[in-house]
Structure formats: C-alpha cells, structure tokens
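Below you'll find the structure, written out as structure tokens, and then a few comments.
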Amino acid sequence: MTIFIAIYITLLGLVLGSFFNVVALRVPAGESLLHPPSQCPKCSTRLGVRDLFPVFSYLLSGGKCRYCGVKVSLLYPLGEAATGLLFLWIYLKLGLSMKGFEGLLLVSLSVIITVSDLKYMLIPNKVLLFFLPLFLVLVPFMAEDPLWVHALGALCGGGILLLLALFGGMGMGDVKLFALLGWVIGWPNVILAFLVACALGAAVGVGLQLSGIIHKKQPVPFGPFLVFGTLLAFLYGPDIIGFYLTFIG
Ligand SMILES: [Zn+2]
C-alpha cells in the first residue's frame, strides 16, 4: 500500500510543481494564473496535452518548443522534478500525518519562492500572503510545542534578516519570508536553517564566481538557500541540534 501512496504523492508533486512554475513566473509579472492558457513564450503556440506532462514532455521534446524549436527554460522541468521528489521525501519521512501535510505546504511555498527568486530576484508578497494565514492557523492547531517557540522563531528569523537588510545585501522579501519560515519551524530550528542557508549560499556564490558563471559584484538570490535550510531544519532539526549538543555538552 505504501508504495502506491508514495507513487501517487510523487505524481501529485510533479503535477503541482508544474502549477507552481506558472504561479512563480506569472505572479511577479502581474499576469493572471488562468489567462492566457500555457503557450510558448516565443511563438505563442498554445500548448497541447502532449506538451503538459511534467518533466516527460521536456525530455521527449529535447528541451525545445515542438513548434518553433526555441529552448525551453530548464527551470520548468527542474521545478517539477524538485516538487515531486520533495513530496516523496516528506511522505517517506512523515507519512500521512498533519506534520506531513505541513511539510507538503512548506515544499509548495519553497518551490514557488525558489523559481521566482531565480527568475526575477524577487519574493512575491502575494505568494507570502497566500501561505501566511494557512501557517498561522496550522501551527497552533498542531500544538507540537508551545506557541512561544514559534513566535520566537518568527522574531529571530525576521530580526536577523532585517539587521542584514539594514546593512544592505538582503531584500525585504527575504526578511518577510524568513519571519514566516521561522514561525513554521520555530526556535532553535530557525538558527540552524539560517546557518545552513549562509554556508550553502556562500559556497555556491563563491563557486559560481570562480567558475565565471557570474561576475564578482553580481548578487545571488538568497531565497532558495533560506527555504533549503528551512526544509532541512523542519525534517532533521532536532536530530542535528541534539547531535551537536552532545559534542559541546
Ligand atoms: Zn514555440
């Protein structure tokens, strides 16, 4: 039974991932989610059923538009595959539970933010405002730990990034995003998420500069690292922090 649910959840992730791409690419541009229907950005041919299978359509067409041959952005299949795999990961770790549902919600937010931030260097307010009430209600409802843990998480997450924003180098979108993520994962997970995001962001940033993919002063979007650190802390935070404390204690 588990294997069928696992396959179902992965397929659900692939299909939703395709929708998250649309949200991430259209909302910051001020476009409607429904109109026009998906079309090639170059030749404007309306995409048919054959073109809309997550990941597979991209692979079968060799990453090109079937009608005009223009290259399709790698963000599409990557966003879809990432959502499918992360959905599967959440299910395997948390099963069919409220915490698992919260995890799927967190993955959904993470994928949209990542695609938006990579494409536009922007974390859309509308997306944060959509997820805010869901998490505001869900976290107290789950009552896993006292509410102050989550309030402190939001305060630290938003506070640390606000300080960084005041000294430049961090956008207000990141501040709002990390306040929301801090509310979800709580204290002290939020600190772990921040450290992971900084370490990974620095490593990737330096790597991109050394390999000449970006130039020296070019800013790197921080949102993708924040959501990655948050997902890691959400799933393994207590394990990692406990492991660390046994060393210094
Ligand atoms: Zn085309």
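Taking the numbered list (1) more than 24 Å from residue 76 (Cα to Cα); (2) in the same structural domain as residue 227 (by TED's automatic domain parsing) in turn, residue 173 passes all entries but (1). Screening 122, 132, 177 for residues that are touching a residue at least 24 places away in the same chain (Cβ under 8 Å), under 18 Å from residue 24 (Cα atoms), open to solvent by less than 30 Å² (accessible area, probe 1.4 Å) and not β-branched (Val, Ile, Thr) leaves exactly one candidate, 177. Yes or no: segment 139-159 includes at least one residue that is open to solvent by 40 Å² or more (accessible area, probe 1.4 Å), closer than 20 Å to residue 23 by Cβ and either among the β-branched types (Val, Ile, Thr) or part of a helix (DSSP H, G or I) (or both). No: segment 139-159 contains no residue that is open to solvent by 40 Å² or more (accessible area, probe 1.4 Å), closer than 20 Å to residue 23 by Cβ and either among the β-branched types (Val, Ile, Thr) or part of a helix (DSSP H, G or I) (or both).
Residues are listed down the side, and each one gets a yes or a no for (1) out of contact with any helix residue (DSSP H, G or I) (no Cβ under 8 Å at 6 or more places or on another chain); (2) open to solvent by 40 Å² or more (accessible area, probe 1.4 Å); (3) more than 12 Å from the ligand (Cβ to nearest atom):
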| position | (1), (2), (3) |
| --- | --- |
| 46 | yes, yes, no |
| 59 | no, yes, yes |
| 83 | no, no, yes |
| 90 | no, no, yes |
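Of all the listed residues (76, 67), the sole one being more than 22 Å from the chain's Cα centre (by Cα) and among the hydroxyl-bearing types (Ser, Thr, Tyr) is 67.
Inside segment 208-239, can you point out the residues that are open to solvent by 20 Å² or more (accessible area, probe 1.4 Å), within 29 Å of residue 103 (Cβ to Cβ) and part of a helix (DSSP H, G or I)? Within segment 208-239, 224, 225, 228, 232, 236, 238, 239 meet the criteria.
The values are calculated or read from the model by the stated rules, or taken from the named source; none is laboratory data. Treat the numbers as computed from the prediction; the structure is a model and nothing was measured. Cβ coordinates were reconstructed from backbone atoms using ideal geometry, including for glycine residues, and neighbour counts include every protein chain displayed. To get the accessible areas, we keep the full protein, side chains included, count just its heavy atoms, and leave off ligands, DNA and RNA. Shrake-Rupley method; radii C 1.70, N 1.55, O 1.52, S 1.80 Å.
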